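Single-structure report; data block below.
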Amino acid sequence: MGMTIIDPGFLTTVQDLGRRGYMDRGFSPAGALDGFSFRLANFLVGNPPEEAALEMTLRGSSVVFDGPGSIALTGADMEPLLNGKSLAMNRTTAVVKGDILYTSFAVRGLRSYLAAAGGLDIPQILGSRSTNLRARLGGFMGRKLESKDHIVFPRVPVHSPGVIRSFVPPRRGSLKDLGMPRPYTPQDPLVLHVVEGIQAGLFTRTGLCTFYHSLYTVGNDSDRMGVRLEGPGIVSAGGTGIVSDGIALGAVQVPGSGKPIVLLNDRQTTGGYAKIGALITRDLWLLAQAPGGSAVRFKRISPRRAEGIYIKTEKAIKLMEWKD
């Protein structure tokens with residue numbers, strides 16, 4: 001069982017939860033940008049959360065399957081069709097040999113995830129199957145997928161053909177109540193919570209006021225490395241240049257232009273610009289689904305409250321259930 005790429009779309013790569021423990025050697029983690037949608041896709045087909053899946057950006061792929069199995073699509077709605085008929089998102093769907101999956105431009109969100117029961121037969125490199133495009137490492141030959149690429153599903157499908165299951169919120173409360181983002185719903189503006197770091201002290205009071213009270217828009221030049229934001233410049237006390245140091249996931253870096261950049265999974269491992277702080281994990285997943293032109297604003301949050309949201313998020317994921 002496997003699939004052959006007919007049309008790879010705009011940017012389709014193999015991703016998992018990322019390559020951990022190699023930033024000191026210059027390798028960014030990579031991995032799925034929307035961790036919730038990624039884990040949900042694997043959950044729906046019965047895979048462990050760290051199993052590799054396809055991440056499709058802006059416009060999805062078209063593939064043909066060469067045997068029976070089960071798949072799930074989550075994240076951005078790319079109006080998927082299976083053999084010309086509309087296919088529901090956030091459900092497990094059986095496929096057979098010769099079935100053709102078609103996905104189009106995202107109408108809600110930016111990134112969609114395609115998981116298959118049994119996973120993808122992609123070798124691990126440095127403990128991960130994720131594609132690092134800049135290092136040409138991991139994934140499918142270290143690159144984005146192209147037409148005629150063939151990917152094998154190495155294990156027996158978890159679900160027998162004909163079984164269709166869908167995602168439902170936990171019994172103990174909705175995902176919203178638990179602080180968990182639901183399958184993508186547009187928000188305007190998107191509120192991004194920031195835990196400040198020590199370098200926030202390099203910015204003036206006026207600069208920080210600008211940062212927290214201004215509306216920014218997602219730039220069209222954003223990518224897996226970072227989300228570039230357009231809006232008012234943030235004033236620093238004496239310039240934003242610093243001695244290069246490590247960059248955490250979600251760090252809000254302010255270059256000489258004063259316009260913030262939220263650094264993502266494919267970020268550089270070190271950088272020489274000051275960072276106001278870092279976004280909480282849940283909001284990073286939401287930002288990953290924000291297309292160019294989306295409005296965002298920032299809100300300060302305490303480390304304790306951020307930790308509480310993270311705990312609720314993880315509980316929500318663990319409470320996910322099937323509905324046959």
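The H on the amide N of Ser62, modeled in the peptide plane, is under 5 Å from the matching H of Ile6, Asp7, Gly9, Thr103, each at least 5 residues off or on a different chain. Altogether, the Stokes-Einstein calculation at 25 °C and 0.890 mPa s, with the Kirkwood radius of segment 2-166 over Cα pairs as Rh, returns a diffusion coefficient of 159 µm²/s. Relative contact order of the chain, please, whole-number percent, based on alpha carbon pairs below 8 angstrom and at least 6 residues apart. Taking the mean separation of contacting Cα pairs over the length of the chain, I get 20 percent. Full extension of the chain between Cys209 and Ser86 gives 39.6 nm of extra length, using 0.36 nm per residue less the Cα-Cα distance. Here r is the Cβ-Cβ distance between Leu319 and Lys299 and R0 is 35 Å; the resulting FRET efficiency, rounded to 0.05, is 0.85. Taking amide H positions as modeled 1.01 Å from N, with prolines and chain starts lacking one, the residues under 5 Å from Ala76 and 5 or more places away or on another chain are Leu110, Arg111, Ser112, Tyr113. Over the Cα atoms of segment 190-321, the radius of gyration divided by the Kirkwood radius equals 0.97; this is the Rg/Rh ratio.
Cβ crowding within 10 Å, taken as a proxy for footprinting-reagent exposure, orders Phe105, Phe203 from fewest neighbours to most as Phe105, Phe203.
Which FRET efficiency value, to the nearest 0.05, is calculated for Arg108 and Arg136 with the Förster distance at 45 angstrom and r the Cβ-Cβ distance? For R0 = 45 Å, the calculated efficiency reads 0.90. Here the gap between Ala237 and Thr4, fully extended at 0.36 nm per residue and compared with their Cα-Cα distance, gives a gain of 78.4 nm. For every other residue with a beta carbon closer than 13 angstrom to the beta carbon of Leu87, add +1 if it is Lys or Arg and -1 if Asp or Glu, then tell me the sum. That sum, taken over residues with Cβ under 13 Å, equals -1. A viscosity of 0.890 mPa s and a temperature of 25 °C, combined with the Kirkwood radius over C-alpha pairs in the Stokes-Einstein formula, give segment 53-137 a diffusion coefficient of 179 µm²/s. Comparing Ala53, Ala135, Ala248 in a Gaussian network model of the chain, where Cα atoms under 10 Å apart are tied by springs, the biggest mean-square fluctuation is seen for Ala135. Each residue of segment 23-29 was assigned a 3J(HN,Hα) from its phi angle through the Karplus expression (A = 6.51, B = -1.76, C = 1.60, θ = phi - 60°), giving 5, 5, 9, x, 9, 5, x Hz with x at Gly and Pro.
Each residue of segment 103-109 was assigned a 3J(HN,Hα) from its phi angle through the Karplus curve 6.51 cos²θ - 1.76 cosθ + 1.60 (θ = phi - 60°); the sequence is 10, 10, 6, 5, 9, 9, x Hz, with glycine and proline shown as x. With Cα atoms as the point set, the radius of gyration and Dmax of the chain evaluate to 19.9, 64 Å. Note on the chain: GNM, Cα springs under 10 Å; of Glu196, Glu55, Glu307, the largest mean-square fluctuation is that of Glu307. When shorter helices are ignored and each DSSP H run of at least 4 residues is given -39500 (n - 2.57), the per-residue value for the chain at 222 nm works out to -4000 deg cm²/dmol. Largest GNM mean-square fluctuation across His193, His213, His150, computed for the chain with C-alpha springs under 10 Å, falls on His213.
Read-outs: derived from the displayed coordinates by stated rules, not from any lab. Every value quoted in this text rests on a predicted model; they were computed, and no experiment measured them. We place every Cβ from the backbone using ideal geometry, glycine too, and count neighbours over all the protein chains shown.
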